[in-house]
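The values are calculated or read from the model by the stated rules, or taken from the named source; none is laboratory data. Source: prediction; values computed, not measured. Every residue, glycine as well, gets a Cβ built from its backbone with ideal geometry; the counts of neighbours run over all protein chains shown. What goes into the accessible areas is simple: the full protein's heavy atoms, side chains included, and nothing from ligands, DNA or RNA. Shrake-Rupley method; radii C 1.70, N 1.55, O 1.52, S 1.80 Å.
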Amino acid sequence: MDTVKLTIDNKQVEVKAGTTIYQAAKDAGIDIPVLCYMNLHDMGIENKPAGCRICVVEVEGRKNLAPSCSTPCQDGMEVKTNTVRVLNARKTVLEFILSDHPKDCLICPKSGDCELQDLAIKLGIRNIPGEDIAEVSTYRLDTSPSIIRDLDKCIMCRRCETMCNDIQTVGALSAINRGFRAVVAPAFEQNLEHSSCTYCGQCVAVCPTGALTEADHTNEVLRHLANPAKTVVVQTAPAVRAALGEEFSMRPGTLVTGKMVAALRQLGFDYVFDTDFAADLTIMEEGTELLRRLSAHIDGDKNVKLPILTSCCPGWVNFFETYFPDLKDIPSSARSPQQMFGTIAKTYFAGKKNIKREDMVVVSVMPCLAKKYECQREEFSSNGNPDVDLSISTRELAAFIRQANIDFRSLGEESFDNPLGESSGAGVIFGTTGGVIEAAVRTAYEMYTGKTLERVDFEELRGMEGVREASIDFDGLELNIGIAHGLGNARKLLDDIRSGKSKYHAIEIMACPGGCIGGGGQPRHHGKSEILKARASALYLEDRNKAIRKSHENPFIRELYSSFLGRPNSGKAHNLLHTGYFDKKKKIIVKQ
Amino acid sequence: MSSIKIELRKQDIEKIREIAASFGNDEQELINVLHKCQEHFGYLPAEVQEVISEALQVPLAKIYGVVTFYSFFTMTPKGQNPVSICMGTACYVRGAEKVLEEFKKELEIEVGQTTDDGRFSLSSLRCVGACGLAPVVMVGDKTYGRVAPDDVKDILKEYS
């Protein structure tokens, strides 16, 4: 391995050739502030336009300051990261950026979690020279069901563009215009709603300012909670419990399931249920569908298409409806756990409790922004009444808890209500890449072979590689499984299916890098991929600690089938728990 | 953003695909494809960009980004009489800006726009190589030298 030796702030360092000054400094424990730069290195995600110039350093013998994020180390370099010249330059650069940025931090949704604000504090900005004469760029506010674009706050770091194009291959966002008018926008400056956006929310997850935020629904939830005529039911997705603690300065990977339940009760929800229950239900429906299609395929039925694709992820559903509408028969017809929960709550549970559908409000807490759009889809409503009324993100729940003055860290541990609060370990791991297919394998194996599965942990399905594969022995039948997380990785598997090259029987796809734990509604990882790994470990830990680890052994799921649904894939189950997909290619509006 | 709505005819779509194919449908050739299409259609309306997007498999947003980045590309059709005012150094110091302002006022359009009746469009350019005549205005292929703001009305009258 070629290495180079250099000094950074008089410290001798030796690094692999090609390493940037920024990375070398970081490895040596020297912090250089960055703004546009972002790197989740072990996930292959990097944004390095070298545009903001906050990370400049002085290199001995060079006339100009060098952007450390994109300047490779060279042998014998002498780098200074904190000279007066460097500090002044950084300050001036930031003052320029701020001269074209609104100063409404007090009421900005990103306040307190804003990298630009943090930097202004760190660099001690107290006034902005020329502020009174500087022109300020303004843009039309774009509101969509999931994402709000307030481009007045865009600093052209282009992280969103990298996520949307290079990682997700969605291509809804691009830099447009030039110079002062340059901004990131969909084609023809249309609203996101009329673009190819999938609402995966990865742009929001990486935006360093308040330019991209989620559509905030906490006030509407509050309005329902304050209405005594409404029974307000809440469901929490698996990935939320593995990340919510971070919002209250807890170590990444801390499981806060019990505290979360306690907080939701204090907020006034009438029933605190678990989306994990619906995840178990999804496995019953999706697993049965998989086996049905698999058996037909083995029997030589040419009308049955394989592989079957998971359909829990609404960003992913939007993606294939927009880009692969020709493959819309392939994904499982099973609705997502969020939607299964909503329909069961408003039929089975409402019936049990004698609550009229219109008097029940179902709120979901999701790590996801696409869920906001999903619950507004017309097919998931009955006479105009949605199965899930409102979806809020993990971040919105945290904000809600803070507003209610609840001391989250000192809350005791409480348990979910029943009957929709009990789940198996299989339901828990839905929140991480590989988890849905592992949960499906645990149940499908026993359904298919009639034998008890002794080894429940499928390490071969876990990990953070973007595309993974494994073969699972179903008592003589080799089940070929593919896994992809991140839509760019999903596209690779879909291209193979389209060209008839796919060798898989079943494929799990999650739109976000890492799966739901890295969702667009989660506490921000600020480019630290170890946070995502800690969240995944937390979910596997909760799975291990569960008494029941297979979805079909969940007693409340059994009860639901015996007293209400009949059997998996029954006519009633089909009506309530399955859906169809649409060709969304046409939604992209070319002209105004 | 252009508000002009057009319906591409079948042969227009085929022409765009042909141009894209002549560059091997290679996304790296986007700018060349855009040049050729603009040469053919006179401008690059949204509908043309959409066909290019499909042919080259480049996201529409990226194409729009390129079209809006380079000032040569336009999404607005040129008027029957394209008016160009030279803003090169010689013309500029001899008052081209005032001439431009007068054209804007008379035509009630900005640079890069076309009048509602489609008769005039306005653009600025850099040096036509006739610095001795500064400030220079071109209408179509015809060159006007030593133009003063007071001449603008008379120039436009020639085309009405």
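When A:Ser502 is tested against (1) loosely packed, with under 15 Cβ neighbours inside 10 Å; (2) in contact with a Pro (Cβ under 8 Å, 6 or more places away or on another chain), just one condition goes unmet, and that condition is (1).
I'd like the residue in segment A:222-242 that is within 30 Å of A:Gly486 (Cβ to Cβ) and part of a helix (DSSP H, G or I) and, out of all such residues, is farthest from the other protein chains (Cβ to nearest Cβ). Even if it seems obvious, please write down each step before you answer.
Within segment A:222-242, the first condition is being within 30 Å of A:Gly486 (Cβ to Cβ), and the residues that meet it are A:234-242.
Pick out the ones that are also part of a helix (DSSP H, G or I) and you get A:238-242.
Numbers: A:Pro238: 32, A:Ala239: 29, A:Val240: 32, A:Arg241: 36, A:Ala242: 33 Å.
Taking the candidates together, the pick is A:Arg241.
Conditions (1) touching a helix residue (DSSP H, G or I) at 6+ places or on another chain (Cβ under 8 Å); (2) more than 14 Å from chain B (Cβ to nearest Cβ), marked per residue:
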| position | (1), (2) |
| --- | --- |
| A:Ile167 | yes, no |
| A:Ile176 | yes, no |
| A:Asn191 | no, no |
| A:Gln202 | yes, yes |
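May I ask you to verify whether A:Gly245 is open to solvent by less than 10 Å² (accessible area, probe 1.4 Å) and either more than 14 Å from chain B (Cβ to nearest Cβ) or out of contact with any helix residue (DSSP H, G or I) (no Cβ under 9 Å at 6 or more places or on another chain) (or both)? Write out each step before concluding.
Details: open to solvent by less than 10 Å² (accessible area, probe 1.4 Å): yes; either more than 14 Å from chain B (Cβ to nearest Cβ) or out of contact with any helix residue (DSSP H, G or I) (no Cβ under 9 Å at 6 or more places or on another chain) (or both): yes.
Answer is yes for this residue.
Within segment A:401-435, being open to solvent by less than 10 Å² (accessible area, probe 1.4 Å), of a type in the set (A, V, I, L, M, F, W, C) and more than 25 Å from A:Gly486 (Cα to Cα) holds for A:Ile401, A:Phe408, A:Leu420. Consider segment A:248-259 and keep the residues that are assigned to a helix (DSSP H, G or I) and over 12 Å from A:Arg409 (Cβ atoms). The one that is least open to solvent (accessible area, probe 1.4 Å) is A:Gly258. Give the residues of segment A:358-386 that are under 27 Å from A:Met260 (Cβ atoms) and either open to solvent by 50 Å² or more (accessible area, probe 1.4 Å) or acidic (Asp, Glu) (or both), sorted by residue number. Listed by number, the residues that qualify are A:Asp359, A:Glu374, A:Gln376.
Assess whether A:Ile497 counts as being touching a Leu at 6+ places or on another chain (Cβ under 7 Å) and in a helix (DSSP H, G or I). Write out each step before concluding.
Values: touching a Leu at 6+ places or on another chain (Cβ under 7 Å): yes; in a helix (DSSP H, G or I): yes.
Yes.
Based on this model, can you work out whether A:His525 counts as in the same structural domain as A:Leu494 (by TED's automatic domain parsing), at negative phi and open to solvent by less than 20 Å² (accessible area, probe 1.4 Å)? Judged against the criteria, A:His525 is a match. Selection over segment A:56-69 of residues that are farther than 15 Å from A:Val15 by Cβ and in a loop (DSSP other than H, G, I, E, B) gives a count of 6.
Restricting attention to segment B:18-47, the residues that are closer than 23 Å to B:Gly112 by Cα, more than 9 Å from chain A (Cβ to nearest Cβ) and either of a type in the set (Asp, Glu) or in contact with an Asp or Glu (Cβ under 8 Å, 6 or more places away or on another chain) (or both) total 2. What are the residues in segment A:1-25 that are surrounded by fewer than 16 Cβ atoms within 10 Å (Cβ to Cβ) and under 30 Å from A:Ala484 (Cβ atoms), if any? Within segment A:1-25, A:Lys16, A:Gly18 qualify.
Take B:Ser71 and decide whether it is farther than 24 Å from A:Gln168 by Cβ, open to solvent by 20 Å² or more (accessible area, probe 1.4 Å) and within 11 Å of chain A (Cβ to nearest Cβ).
yes
Here is a list: B:Ile52, B:Ile109, B:Ile63. Which entry is surrounded by 19 or more Cβ atoms within 10 Å (Cβ to Cβ) and either away from every other protein chain (no Cβ under 14 Å) or farther than 30 Å from A:Thr169 by Cα (or both)? I'd like the intermediate steps shown before the answer.
Working: B:Ile52 fails: either away from every other protein chain (no Cβ under 14 Å) or farther than 30 Å from A:Thr169 by Cα (or both); B:Ile63 fails: either away from every other protein chain (no Cβ under 14 Å) or farther than 30 Å from A:Thr169 by Cα (or both).
Being surrounded by 19 or more Cβ atoms within 10 Å (Cβ to Cβ) and either away from every other protein chain (no Cβ under 14 Å) or farther than 30 Å from A:Thr169 by Cα (or both) holds for just one of B:Ile52, B:Ile109, B:Ile63, which is B:Ile109.
Considering B:Leu125, B:Leu100, the condition of being surrounded by fewer than 16 Cβ atoms within 10 Å (Cβ to Cβ) and more than 14 Å from every other protein chain (Cβ to nearest Cβ) is satisfied by B:Leu125 alone. Selection of first residues in segment A:289-301 that are surrounded by fewer than 15 Cβ atoms within 10 Å (Cβ to Cβ) and of second residues that are among the small types (Gly, Ala, Ser), restricted to Cβ pairs under 9 Å at least 6 apart or on distinct chains, gives the following pairs, ordered by first then second residue: A:Asp301/A:Ser295.
With respect to (1) open to solvent by less than 50 Å² (accessible area, probe 1.4 Å); (2) modelled with pLDDT of 90 or more; (3) within 13 Å of another protein chain (Cβ to nearest Cβ), the lone exception for B:Met87 is condition (3).
Let's see how each residue does on (1) of a type in the set (Gly, Ala, Ser); (2) within 14 Å of chain B (Cβ to nearest Cβ); (3) assigned to a helix (DSSP H, G or I):
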site: A:Pro523; (1), (2), (3): no, no, no
site: A:Ser537; (1), (2), (3): yes, no, yes
site: A:Asp543; (1), (2), (3): no, no, yes
site: A:Leu560; (1), (2), (3): no, no, yes
site: A:Ser563; (1), (2), (3): yes, no, yes
site: A:Ala573; (1), (2), (3): yes, no, yes
site: A:Gly580; (1), (2), (3): yes, no, no
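Scanning segment A:50-108 for residues that are open to solvent by less than 30 Å² (accessible area, probe 1.4 Å) and under 21 Å from A:Glu131 (Cβ atoms) yields A:Cys52, A:Ile54, A:Ala89, A:Arg90, A:Leu94, A:Leu98, A:Ser99, A:His101, A:Cys108. Cβ-Cβ under 7 Å, sequence separation 6+ or interchain: first residue in segment A:47-70 and at positive phi, partner in a loop (DSSP other than H, G, I, E, B). Which pairs? What qualifies is A:Ala50/A:Cys69; A:Ala50/A:Ser70.
Only residues that are within 23 Å of A:Ala243 (Cα to Cα) and basic (Lys, Arg) were counted in segment A:537-575, giving 3. Scanning segment A:203-221 for residues that are hydrophobic (A, V, I, L, M, F, W, C) and part of a helix (DSSP H, G or I) turns up A:Cys203, A:Val204, A:Ala205, A:Val206, A:Val221. The residue of segment A:178-189 that is nearest to B:Pro45 (Cα to Cα), among those that are at the interface with chain B (Cβ under 7 Å from one of its Cβ atoms) and open to solvent by less than 20 Å² (accessible area, probe 1.4 Å), is A:Phe188.
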